[in-house]
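Student: Quick one: this structure, given as C-alpha cells, is what I'll be asking you about.
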Amino acid sequence: MKNDELSINTTNLRECAFYWRFLKGKSLIGAEIEPATANEYCLAINALLEKRFYNREDRRLFIREIRQALNNQLVHPKQLEWLNQVNERAHFWIWCFCRLITQNNFTANLSNSYQLNFDINAPHIYSQIGVSLNPRTAKERNQLIVDFLDRSDIPLNELLSLLEYFKANVGKLFSIGKFAWLNREDNELYQQYAWAYNYITNNKEYTIPHWFIPAPTTDREMLDAAITAFDVWSVDDSTKQLFILRMKKAWSQKKHRASLEKKNKQSYNFTLSTKAKKMLDRMSESRGQSRNEILEKLIKDEYLK
C-alpha cells in the first residue's frame, strides 16, 4: 500500500472498501454511490477528506487513525492465500459455516469450538452485514467468504482463529463422505444428481438442514447442494458413515429397478429346494444360459402346452 500522509492511494479493493465503510461509520458518507474501482474509491475518499479536514494536520491524524483501524481489523492477504488452493466442495462448506455462525461463538470465548446455529431466525452475523445470500458459483462463494471476514465486527484475533479452524477441518470432509460414486454417466441415465439432492434434503429418517443453501437450478448445483448439506450436517462421523452406506444401497436398488423396467422385466423373490436349485444350475451351465433365462423358457414352454 503506497499512501502519503495526507491522502489514500491504494490499488487494493479490500482496503478501499474498508476505508469507505469506516467513513460511513463516522457519518462522513451519506447517500453517495459506492465506487467500483480502486481509483474511483481513492478519488472519492480523498475528496471527502479534503472537504471534511481542511486543516492538513487534522487530516493527517485522521488518515493515521483509519490506517491503524485497517491494520487492527483486516485479515492480511497472505493469510487468505490458502483459500484459493482448496476445491469447490471446501469453498461451499466454508461459506455455509460463515452463513450459520453467530456472535455467541466469539463472545462466549469457546476456544475454537464453533457451534453453528441452524435456526433460520437466529441472529446470524452473515445476514446482518448485507452481503449476498445466494451465491451461484465457487468464485462468488470465495469472494463472499472474504467479504464476511472483512465486514463482520469479529476481532482480528478471532478471525484468524476461525481461519485456522477452517484450514484444520476442511480436509476431514473427504474422509467422512466419499461421493465419487455419484457419477456423470448415472446422472445422464437416471438423473442421479436430482435423486441425491432429494434423498439428502428430504430424508425421512435423518433431518438434514439445508434452508441456508441457495435452491439449485442445474444438475451440477443439485450435486453441490446435496454434498454441502451433508458436509455441514452437525452429527458425529459414524452417523455420517452409516448414512452414506444407506444412501449407496438406496441408489443401487433404485438403479436396479429402473434397469429392469427399461428391459420390461421385474424382480421376484421366491424359494427353491436345494435339489431344484442344483438342477437349475446344471441346466444353466450345460446350455450356456442364465438361470433366469432357463426359468423363463420353462415357464413359456409349459404355458404354450
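The values are calculated or read from the model by the stated rules, or taken from the named source; none is laboratory data. All figures in this text were calculated on a predicted structure; none of them were measured in a lab. For neighbour counting, all protein chains shown are included, and Cβ atoms are generated from backbone atoms with ideal geometry for every residue, glycine included. Quick note on the areas: whole protein, heavy atoms, side chains included, nothing else; ligands and nucleic acids left out. Shrake-Rupley method; radii C 1.70, N 1.55, O 1.52, S 1.80 Å.
Student: Net charge within 13 Å of residue 165 by Cβ-Cβ distance, Lys/Arg positive one each and Asp/Glu negative one each, not counting residue 165 itself?
Tutor: Cβ neighbours under 13 Å give a net charge of 0.
Student: Roughly how many percent of the accessible protein surface of segment 145-301 is carbon and sulfur, given a 1.4 Å probe and a whole-percent answer?
Tutor: Solvent-exposed carbon and sulfur of segment 145-301 make up 49 percent of the total.
Student: Can you bin segment 58-121 into rounded, prolate or oblate? Criterion: square roots of the alpha carbon gyration tensor eigenvalues sorted a ≥ b ≥ c, rounded for a/c under 1.5, prolate for a/b above b/c, oblate for the rest.
Tutor: Oblate.
Student: Using only the alpha carbons of segment 186-260, what is the convex hull's orientation-averaged projected area in square nanometres?
Tutor: For segment 186-260, averaging the hull's shadow over all directions gives 5.0 nm².
Student: While we're looking at this one, here's another question. So how strong a dipole does the chain carry about its Cα centre when Lys and Arg Cβ are +1 and Asp and Glu Cβ are -1, to the nearest 20 debye?
Tutor: The dipole of the chain has a size of about 1540 debye.
Student: Compare the Cα positions of 239, 39, 25 along the charge dipole of the chain (+1 at Cβ of Lys, Arg; -1 at Cβ of Asp, Glu; about the Cα centre) and return the one farthest towards the positive end.
Tutor: 239
Student: Under 24 Å from the Cα of residue 300, which lysines turn up, not counting those fewer than eight places away in the same chain?
Tutor: Candidates past the 8-residue exclusion: 262, 263, 265, 275, 277, 278.
Student: Within the set of other residues whose C-beta is less than 13 Å from the C-beta of residue 270, count the net charge using Lys and Arg as +1 and Asp and Glu as -1.
Tutor: +2
Student: Based on DSSP H runs of at least 4 residues, each adding -39500 (n - 2.57), what is the mean residue ellipticity at 222 nm of the chain after dividing by all its residues, to the nearest 500 deg cm²/dmol?
Tutor: -19000 deg cm²/dmol
Student: Here is a follow-up. Tell me, rounded to the nearest percent, the portion of alpha carbon pairs in segment 114-226 spaced more than 23 Å apart.
Tutor: 42 percent
Student: In the P(r) worked out for segment 158-295, what percent of Cα pairs fall beyond 25 Å?
Tutor: The proportion of pairs with Cα distances above 25 Å equals 48 percent.
Student: Of (1) 1.07; (2) 1.53; (3) 1.16, which one was derived for Cα Rg over 2.2 N^0.38 Å from the structure shown?
Tutor: (2)
Student: Would you mind computing the Rg to Rh ratio of segment 4-96 from its alpha-carbon coordinates, Kirkwood style for Rh?
Tutor: Ratio value, two decimals: 1.07.
Student: Which number do you get for Rg(Cα) / (2.2 N^0.38 Å) in segment 19-176?
Tutor: Dividing the Cα Rg of segment 19-176 by 2.2 N^0.38 Å gives 1.19.
Student: If you count only protein heavy atoms with a 1.4 Å probe, what accessible area per residue comes out for the chain, rounded to a whole Å²?
Tutor: I get 61 Å² per residue for this part.
Student: Moving on to the next point. What is the extension gain from residue 165 to residue 33, computed as 0.36 nm multiplied by their sequence separation minus the C-alpha to C-alpha distance, in nm to one decimal?
Tutor: Gain on stretching residue 165 to residue 33: 43.9 nm.
Student: Using 0.36 nm times the number of residues separating residue 78 and residue 107, minus their current alpha carbon distance, what extension gain do you get?
Tutor: 7.8 nm
Student: Got the relative contact order for the chain handy, in percent, Cα pairs under 8 Å and 6 or more residues apart?
Tutor: Worked out over the chain, it gives 13 percent.
Student: Give, as a single signed number, the net charge of other residues whose beta carbon lies under 13 Å from the beta carbon of residue 27, with Lys and Arg counted +1 and Asp and Glu -1.
Tutor: Value of the local net charge: +3.
Student: Using all alpha carbons of segment 160-221, what is the percent of pairwise distances in each 5 Å bin, ordered from the shortest bin to the longest?
Tutor: In order of increasing distance, the bins hold 4, 13, 17, 19, 22, 14, 7, 3, 1, 0 percent.
Student: Can you list the aspartates and glutamates whose alpha carbon sits under 16 Å from that of residue 139, skipping same-chain ones fewer than 8 residues off?
Tutor: 81, 88, 147, 221, 224
Student: Given a 1.4 Å probe and every protein chain left where it sits, what share in percent of the accessible area of segment 1-123 is carbon and sulfur?
Tutor: 48 percent
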